[in-house]
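First comes the structure, then the notes that go with it.
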Amino acid sequence: MKDYSDFDSEIFSCQYEGETAVICLKAESFRMAMDASKMHEMLDCLNTIEVDKNIKGILTLHTAEYERIELLQTFIKSIQKKSGYVQKEMGVTRYGNAVKRLTLAINEFSKPNIVAIRGQVSIDSFGFFLACDYRIAADDLCIEFPGLKIGVTPVGAVSFFMNRQLGMTKTMEILQNGETIDAQEANSLSLVSEVVSGDDLKATCLAKLDAMYQVPGATLSLTKQLVRPKTYELEEHFDVSSRLMWHSIIDN
């Protein structure tokens, strides 16, 4: 089994800090979709942390850079410009499968899982974070809708989790309008659990994890058994989501 206690790549890094594995995401999901080996490495890292008895939980740091939103739009446009049905289908399928595999892995993770979110993030990638146990945002959080701006439906688990949490009417309003959601609005909608300053973000998350560790098994009982959706529910949603993504990308 590969050692991820001090790992660094162009996609993500992982360091073990005491009883917590700290993963820093350096790229959005579409970067992993373009390279299956990168996705395998991310999933292998999560599995390694899962079985390591010395690690009690995971903190995921999302430190977005503003140019990523434009990169995602460029990625989608590159699929649209491909010649031939098969080539376009392959691009859409790779992206959809990457989103699906990572979301399922996060949802099925049995240890406490907190995500720290700051800066600009696409609504599609935000779906991953909705599968986490606890979401803490920096006050500069800015949730964008890059796909919607070029006619592509938001995909992945975001609509699934938002519908469960906010109801269909509010979810449709948010996803169709595509208006930027800042940290305070995300907090008022309970899309994030707490908003803190950027300087306090990591320390706040680590303190929350330490509190979870004091009640062994509580996260597993309360979230995995009572709150987190069943695997088949997410898989059924992704089947529908993939078809919507296919039509919105190909038809534009």
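Any read-out appearing in this document is the output of simple, stated calculations on the displayed coordinates, not a laboratory observation. From a predicted model like this one, the values you see are computed outputs, not experimental measurements.
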Listed by chain and number, the aspartates and glutamates with an alpha carbon less than 15 angstrom from that of LYS77, same-chain partners under 8 positions apart left out, are GLU89, ASP251
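Taking a threshold of 18 Å on the Cα-Cα distance, which of the pairs LYS26/LYS53; LYS53/LYS100; LYS53/LYS111; LYS53/LYS208; LYS56/LYS230 fall above it? Walk me through the numbers on the way to the answer.
Numbers: LYS26/LYS53 26 Å; LYS53/LYS100 27 Å; LYS53/LYS111 11 Å; LYS53/LYS208 20 Å; LYS56/LYS230 23 Å.
Over 18 Å Cα-Cα: LYS26/LYS53; LYS53/LYS100; LYS53/LYS208; LYS56/LYS230.
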